[in-house]
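The values are calculated or read from the model by the stated rules, or taken from the named source; none is laboratory data. Since the model is a prediction, treat every value here as computed from it, not as a measurement. Backbone-built Cβ (ideal geometry, glycine too); neighbour counts: all protein chains shown. Keep in mind that these areas ignore ligands, DNA and RNA; they rest on the heavy atoms of the full protein, side chains included. Shrake-Rupley method; radii C 1.70, N 1.55, O 1.52, S 1.80 Å.
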Amino acid sequence: GLMLPGCLLGGGGGGGGGGGGQWSRGQAPPKPKPGRGGGGGRGGRHGPPPEEYMGPVAPLVRSENRWIPVKDTSGLVVTEKLVKGILNKMTKEKFERLSNQMCEIPILSYDMLTMMIHNVYEKAIFEPYFGDMYADLCVKLSQTAKSAKFVQIIESDEEPPTEDGEAPPSGGGGEGSHNTVYRWSNDVDTNDAEVVGPFGSEDECVSAALANEDDCPDPVKRGEMELQLHSLKIKDGVFIKIMQVKDDPDKFYTVFFTVKKAKEVGQHMSEIFLSERECMSSAMKLNSFKRSLLNKCEDEFNKQDVYVEWKKEKKAHDQTKASLKESKRLEKEEDLEFRRMKIKKQTLGNIKFIGELYKKEMLREKIMRYCIHSLLKLKEDSESGRLVNDDDEMDEEDHEALCNLFITIGKTIDHPNARHYMEIYFAKMRAMSNDKKLSSRSRFAYKDLIELRHNRWKSRRKQETAKTLDEIRKDTEREERAQAQQSQQGYRNDRRDNRDRDSRGGRGMDRRDNRDDNRRSSGVGYGGGSRRSINKPPPKTDAHGFTQVGRSGKSAHPSSPSPRGPPSISGSTRRSPPRERERKPAPAPAAPAAPSVPALSKEKLELRVKNMKAEYMQDPDEKELLLSMDELSGTPDAGKTMVQVYGEGSLDCKDDERKAIIKIMSLLFQKGKLTNADFDVPLGELIEFIDSFVIDAPKAIDYLGDILAELIHVKAISVSWVCTQCAKLNHAPDVREKLIICTVDTLKKNQGVAEARSHFGGSKAELTKLLGSDKWSAELA
């Protein structure tokens, strides 16, 4: 048969031998692998491959580039993922919980801080309706990151700066100076991939960093070992970071490199400072949250060329679209329009968020003036110091951005001290509102803005903002109440109209009705003509012979009415006596029953009571609270249930919730929505079993004392009643004593000693029995 060369066979070299199909001419054959077939098989017919040259091998030598650490950025990636996850869940409803989670994220470097700001900023730009919420988040983050704990001071023996401010040349080793200067760094971490060690002390770490390359131990992988920072030094031109093992503080590791390689390593270092205080002051100023946020705002606002690339591409498309196919042209135009809308949304969102930050006092007014001047194309004249028009022209995007900015910040920035600037701004806006060269959209936007300022920044249309579920439900309930009130008002108007109509036109209406009835019954029509009545019952007459017609059933005149006057009596033209013609007005229809408030189940009532507290905390509107309480009027014992829910809930809640509960109960009692009887049973049971609440809420007695003090102040309960309830605590005299003392102390603190004496002085005998004369005298002293 046909014999192929071994080099063309796919399985050359036998079962795992030479591998004849894996090399080409001009290359040394691979070394045979041990295994089945050795050099035999079909590929082995050409003999074994030539032996490799095993000449002398040069020994390994260290290169001139000494080992430098590699910065580990895995922590930043993990943190960014966590930040994005929280922001994606952020709503007004969940703001408090998620913002606290965001503030709890440890900020370990300046890169981490800027990453957090960047992600918050991006969300705020593309979700402008949540702009105020993200501004509140920035306020909370600024309070948390105010101290910039990630900043580290580095003690150095470098040469101080020269008198002209020039920094000394960065050393790469050698002898340092005898001076002590300082630097700061904002991205020192302990997550290096490789470290040198372990060592037994800090001095050993320094010696290893300054030793010759041959004498320094090789770096090792950090792995899962957790390290904590011990100290930072720059000695003889070498940056030395010394770390300890968390679980074993006696073990030290180090990372080091020459100062001139700091940029290559990715380690930030500031300029040199002569004192530690000056160094720390500079670090806190440049690494604060507000400063970083300001830098971000400035960078985003100064992107003046945001439309440049798009406009160039749009112009090129307009020139070539005639030569494109219909499908390609439509696809390109759709893409351009999508990008334009995205750029516009980004620009307007940025302007709105900057305004929201200014309203939260995160940005100064000077920054806002810079933004306004940039949009209005105003500049300050160097000679006169006045604002004059710049040479640049405003484009359509500038007009819209400017109007959106003033809608956001107008009420805040328009104050008496800024009157001079505002007059200049609006003088130019008035001129532009009448400039026919501008689009009608821009002109009318300026007119609306001028009108808005004239109305003291109160918009005719309510601006839509993001709302919580409670706010949406509250708005719905408000609308339903308004509709119910309108409906009830309509009933009253109808009743009043009926009464007015009866009182004004009762006689005339009855007479017209009587005339019609008489004409139909007698066959006499207008003008005296006769008509034949078809299937009409004979008229009824009373004892005096008068025909009974009309709605009231009273006597009326029979047939043969004159064309103009009332019907005659028995065909006579004589008018009836006034006394007999008078008719009483028809009785008014029964008044429609006012819509009753439906009773709620126990579960719904308790839920509604809790929602009232949440609404009041968010918007402490007294009228809304009273209206909400009126909605519970159809439910029996609603007041008692409210006191029970609020009383028990106040013992295990946050301070602001407790203050709101006390305020609500006090206010509702003073407005007559709660009675003394509503407090009797639920509050009495709370006092009787207060010792059982102490197990889960150690300060339950103090909190109950706060409630009792306020209710005594508004006279919802009396001191005598409190003593009666406290007498039930015979099994816990210490609890009883503490409760009374807390109540007295709170009343003295909030209302004064005089009022406390006036309330408790009348129950001296009861209180002496409960506390003892010595303690009671000392308490009221």
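Criterion first (in contact with a Ser or Thr (Cβ under 8 Å, 6 or more places away or on another chain), buried (at least 16 other Cβ atoms within 10 Å of the Cβ), among the β-branched types (Val, Ile, Thr) and free of Cβ contacts under 8 Å to residues at least 60 places away in the same chain) does ILE240 satisfy it?
yes
Is there any pair with a first residue in the range 732-755 that is closer than 10 Å to ILE701 by Cβ and a second that is among the hydroxyl-bearing types (Ser, Thr, Tyr) and part of a helix (DSSP H, G or I) whose Cβ atoms are under 9 Å apart and which are 6 or more apart or on different chains, and what are they?
Final answer for the pair search is CYS742/TYR703.
If MET394 satisfies every condition in (1) open to solvent by 30 Å² or more (accessible area, probe 1.4 Å); (2) more than 23 Å from LYS458 (Cα to Cα); (3) part of a helix (DSSP H, G or I) but one, which is the exception?
With respect to (1) open to solvent by 30 Å² or more (accessible area, probe 1.4 Å); (2) more than 23 Å from LYS458 (Cα to Cα); (3) part of a helix (DSSP H, G or I), MET394 is out only on (3).
Among residues belonging to the range 186-210 that are under 23 Å from ASP157 (Cα atoms) and either without any contact (Cβ under 8 Å) to a residue 24 or more places away in the chain or acidic (Asp, Glu) (or both), point out the one that is surrounded by the most Cβ atoms within 10 Å (Cβ to Cβ).
For the range 186-210, the residue satisfying everything is ASP189.
From the set of residues in the range 350-382 that are modelled with pLDDT of 85 or more and among the polar types (S, T, N, Q), which is most open to solvent (accessible area, probe 1.4 Å)?
Step by step, filter the range 350-382, then rank; the result is SER374.
Being out of contact with any Ser or Thr (no Cβ under 7 Å at 6 or more places or on another chain), within 30 Å of GLY672 (Cβ to Cβ) and not in a helix (DSSP H, G or I): is that true of LYS749 here?
Against the criterion (out of contact with any Ser or Thr (no Cβ under 7 Å at 6 or more places or on another chain), within 30 Å of GLY672 (Cβ to Cβ) and not in a helix (DSSP H, G or I)), LYS749 does not qualify.
List, please: which pairs have Cβ atoms under 7 Å, are six or more places apart or on different chains, and start with a residue in the range 467-491 that is closer than 16 Å to ARG608 by Cα and open to solvent by less than 60 Å² (accessible area, probe 1.4 Å) and end with one that is at pLDDT 70 or above and among the charged types (D, E, K, R)?
Partner pairs satisfying both residue conditions: ASP470/GLU615; LYS474/GLU615.
Before we move on, is GLU383 over 27 Å from VAL308 (Cα atoms), in a loop (DSSP other than H, G, I, E, B) and within 32 Å of the chain's Cα centre (by Cα)?
For GLU383, the condition - over 27 Å from VAL308 (Cα atoms), in a loop (DSSP other than H, G, I, E, B) and within 32 Å of the chain's Cα centre (by Cα) - is not met.
Of the residues that make up the range 687-695, is at least one in a loop (DSSP other than H, G, I, E, B) and under 18 Å from LYS748 (Cα atoms)?
Checked the range 687-695: no residue is in a loop (DSSP other than H, G, I, E, B) and under 18 Å from LYS748 (Cα atoms).
Report whether or not SER666 is of a type in the set (Gly, Ala, Ser) and modelled with pLDDT under 90.
no
For residues that are open to solvent by less than 40 Å² (accessible area, probe 1.4 Å) and hydroxyl-bearing (Ser, Thr, Tyr), tally how many sit in the range 116-133.
1
Do we find a residue being crowded, with 17+ Cβ neighbours inside 10 Å, at pLDDT 90 or above and within 24 Å of the chain's Cα centre (by Cα) anywhere in the range 411-418?
Scanning the range 411-418 turns up at least one residue that is crowded, with 17+ Cβ neighbours inside 10 Å, at pLDDT 90 or above and within 24 Å of the chain's Cα centre (by Cα).
Which of the numbered conditions does GLY634 fail, given that it passes all the others? Conditions: (1) open to solvent by 20 Å² or more (accessible area, probe 1.4 Å); (2) in a helix (DSSP H, G or I).
Tallying (1) open to solvent by 20 Å² or more (accessible area, probe 1.4 Å); (2) in a helix (DSSP H, G or I), GLY634 fails exactly one: (2).
Quickly run through the range 101-144 and pick out the residues that are free of Cβ contacts under 8 Å to residues at least 40 places away in the same chain and more than 30 Å from GLN267 (Cβ to Cβ).
Those that are free of Cβ contacts under 8 Å to residues at least 40 places away in the same chain and more than 30 Å from GLN267 (Cβ to Cβ): GLN101, LYS123.
Check LYS321, LYS315 and return the single one that is in contact with a Lys or Arg (Cβ under 7 Å, 6 or more places away or on another chain), open to solvent by 60 Å² or more (accessible area, probe 1.4 Å), farther than 18 Å from TYR121 by Cα and part of a helix (DSSP H, G or I).
Result of the check over LYS321, LYS315: LYS321.
Are any of the residues in the range 427-450 loosely packed, with under 11 Cβ neighbours inside 10 Å, at pLDDT below 90 and under 27 Å from MET362 (Cβ atoms)?
Taking every residue of the range 427-450 in turn, none turns out to be loosely packed, with under 11 Cβ neighbours inside 10 Å, at pLDDT below 90 and under 27 Å from MET362 (Cβ atoms).
Mind checking whether some residue in the range 715-736 is in contact with a Phe, Trp or Tyr (Cβ under 7 Å, 6 or more places away or on another chain), at negative phi and assigned to a loop (DSSP other than H, G, I, E, B)?
So far as the range 715-736 goes, yes, one or more of its residues are in contact with a Phe, Trp or Tyr (Cβ under 7 Å, 6 or more places away or on another chain), at negative phi and assigned to a loop (DSSP other than H, G, I, E, B).
Which number in (1) in contact (Cβ under 8 Å) with a residue 40 or more places away in the chain; (2) open to solvent by 70 Å² or more (accessible area, probe 1.4 Å); (3) part of a helix (DSSP H, G or I) marks the one condition that GLU271 misses?
It is condition (3) that GLU271 fails.
From the list GLU766, GLU710, GLU755, which residue is in a helix (DSSP H, G or I), open to solvent by 20 Å² or more (accessible area, probe 1.4 Å) and touching a His at 6+ places or on another chain (Cβ under 8 Å)?
Going through GLU766, GLU710, GLU755 in turn, just one is in a helix (DSSP H, G or I), open to solvent by 20 Å² or more (accessible area, probe 1.4 Å) and touching a His at 6+ places or on another chain (Cβ under 8 Å): GLU755.
For the range 134-146: of the residues being at pLDDT below 85 and of a type outside the set (S, T, N, Q), which is surrounded by the fewest Cβ atoms within 10 Å (Cβ to Cβ)?
LYS146
Taking ASP500 and the conditions (1) part of a helix (DSSP H, G or I); (2) closer than 30 Å to LYS92 by Cβ; (3) among the charged types (D, E, K, R); (4) at pLDDT below 75, which numbered condition does it fall short on, given that it satisfies the others?
(2)
Determine whether the range 202-217 contains at least one residue that is in contact with an Asp or Glu (Cβ under 7 Å, 6 or more places away or on another chain) and of a type outside the set (Ser, Thr, Tyr).
Scanning the range 202-217 turns up at least one residue that is in contact with an Asp or Glu (Cβ under 7 Å, 6 or more places away or on another chain) and of a type outside the set (Ser, Thr, Tyr).
Looking at the range 147-176, which of the residues that are in a loop (DSSP other than H, G, I, E, B) and charged (D, E, K, R) is modelled with the lowest pLDDT?
Selected residue: GLU175.
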